[in-house]
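Undergrad: I have a structure here, written as structure tokens, and I will follow up with some questions on it.
The values are calculated or read from the model by the stated rules, or taken from the named source; none is laboratory data. The shown structure was predicted, so the numbers you read here are calculated from the model rather than taken from an experiment. Positions of Cβ are backbone-derived with ideal geometry, glycine not excepted, and every protein chain shown enters the neighbour counts.
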Amino acid sequence: MAGRKLRDEADARACLAAMEASGLSLSEWARQHGMDGRSLHCWRMSLARRSSSPPPVPDRADVQRQTGTPVAPRNSDKGDAM
């Protein structure tokens, strides 16, 4: 029988921290604590993907709006043909 699913990111982070501190495998920790191991695994994968993805690069219009300073176009924006 599957255990309870994690409610949200905070719940997932708390459970993952407790699982890491216990030294048990994910499946064993989930079983001992009445958690759905698949749900815990999915959260672990999702959080790992988020932390490894680079932050989004703002486009020039966003930078100009935020700073009030014109931003020079990139070389690819000049329309130069090779």
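Undergrad: Name, by its number, the condition in (1) modelled with pLDDT under 90; (2) of a type in the set (A, V, I, L, M); (3) within 15 Å of the chain's Cα centre (by Cα) that does not hold for L47.
TA: Of everything listed in (1) modelled with pLDDT under 90; (2) of a type in the set (A, V, I, L, M); (3) within 15 Å of the chain's Cα centre (by Cα), L47 misses just condition (1).
Undergrad: Count, please, the residues in region 1-28 that happen to be under 18 Å from the mean Cα position of the chain (by Cα) and in contact (Cβ under 8 Å) with a residue 12 or more places away in the chain.
TA: The number of residues fulfilling the criteria is 6.
Undergrad: Oh, and also: Out of L16, L47, L40, L24, report the one residue that is among the hydrophobic types (A, V, I, L, M, F, W, C), part of a loop (DSSP other than H, G, I, E, B) and surrounded by 12 or more Cβ atoms within 10 Å (Cβ to Cβ).
TA: The conditions single out L24.
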